[in-house]
1. Can you put A:PHE63, A:PHE74, B:PHE90 in order, fewest other beta carbons within 10 Å first?
2. Using a 10 Å cut-off around each Cβ of peptide B:43-50, what is the average number of partner chain Cβ atoms that fall inside?
3. Given a Förster radius of 25 Å and the C-beta distance between A:GLU64 and B:VAL112 as r, what FRET efficiency does 1/(1 + (r/R0)^6) yield to the nearest 0.05?
4. Taking neighbour Cβ counts within 10 Å as the exposure measure, how do B:SER93, A:SER18 sort from fewest upward?
5. Hey, got the Cα dimensions of chain A along the principal axes, in Å, largest first?
6. Please give the direction-averaged projected area of the C-alpha convex hull for region B:20-75, in square nanometres with one decimal.
7. Please state the charge dipole magnitude for region B:1-53, taken about the Cα centre, from unit charges on C-beta atoms (+1 on K and R, -1 on D and E), reported in debye and rounded to the nearest 20.
8. On average, how much area does the Cα convex hull of region B:26-112 cover when viewed from any direction, in nm²?
Amino acid sequence: AQSVTQPDIHITVSEGASLELRCNYSYGATPYLFWYVQSPGQGLQLLLKYFSGDTLVQGIKGFEAEFKRSQSSFNLRKPSVHWSDAAEYFCAVAPGGSQGNLIFGKGTKLSVKP
Amino acid sequence: EAQVTQNPRYLITVTGKKLTVTCSQNMNHEYMSWYRQDPGLGLRQIYYSMNVEVTDKGDVPEGYKVSRKEKRNFPLILESPSPNQTSLYFCASSLELGHEAFFGQGTRLTVV
């Protein structure tokens, strides 16, 4: 069965430090891959997506993610975290095309220390 | 502005009292879905719709109903709510199944 794993439930980083949030998926073929962010009291906003092509994708708010087929991973990175990045981050996958629904990981909550 | 609108944002109700949460999108998307979000469980899909009059169960459909009579609207119906349906609910729409989803602001439901 398809699954998405975000191994870190909660991460705390200092403002200005770099960030990497991990995401691993279990699926036979290369799926469509997404990262969403949820600020407190808000809905989910798309940060970036990968369908095909260049494995390093750029998103909004200075985020990027790298697809690594050999590791079935799609980790989210940011070189310098801002206090406003404190939120919950969700990785999601879909089989691709009209083949199936989005499947979400359980999320990683990011706290930012001043 | 492209958006998904849910109403109400907050709702407290009593066990067994039927309720409807509305969802509307203005992007002419064919695919719409409902999720519930619970601590430690992430987002779980309740129902989805691939087009008008086409709906199907997601991962946790028990206790819920949906309808899709118009392309823009996808209401979630709880015929007889129970306390285990206390949750944060999100409606989402996308151009195609499996593509990026646009989410509403959420409805926090409490069933007492």
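1. Exposure proxy ranking, most exposed first: A:PHE63, B:PHE90, A:PHE74.
2. Mean shielding by partner chains, rounded to a whole number: 3.
3. Once the sixth-power term is evaluated, E becomes 0.05.
4. Listing B:SER93, A:SER18 from fewest to most nearby Cβ atoms yields A:SER18, B:SER93.
5. 43, 28, 22
6. 3.9 nm²
7. Roughly 340 debye, rounded to the nearest 20.
8. Result: 5.6 nm².
Values in this text are rule-based calculations from the coordinates and carry no lab data. Just so it is clear, the structure is predicted and the values come from calculations on it, not from any experiment. FYI the Cβ positions are ideal-geometry reconstructions off the backbone, even for glycines, and counts take in every protein chain you see.
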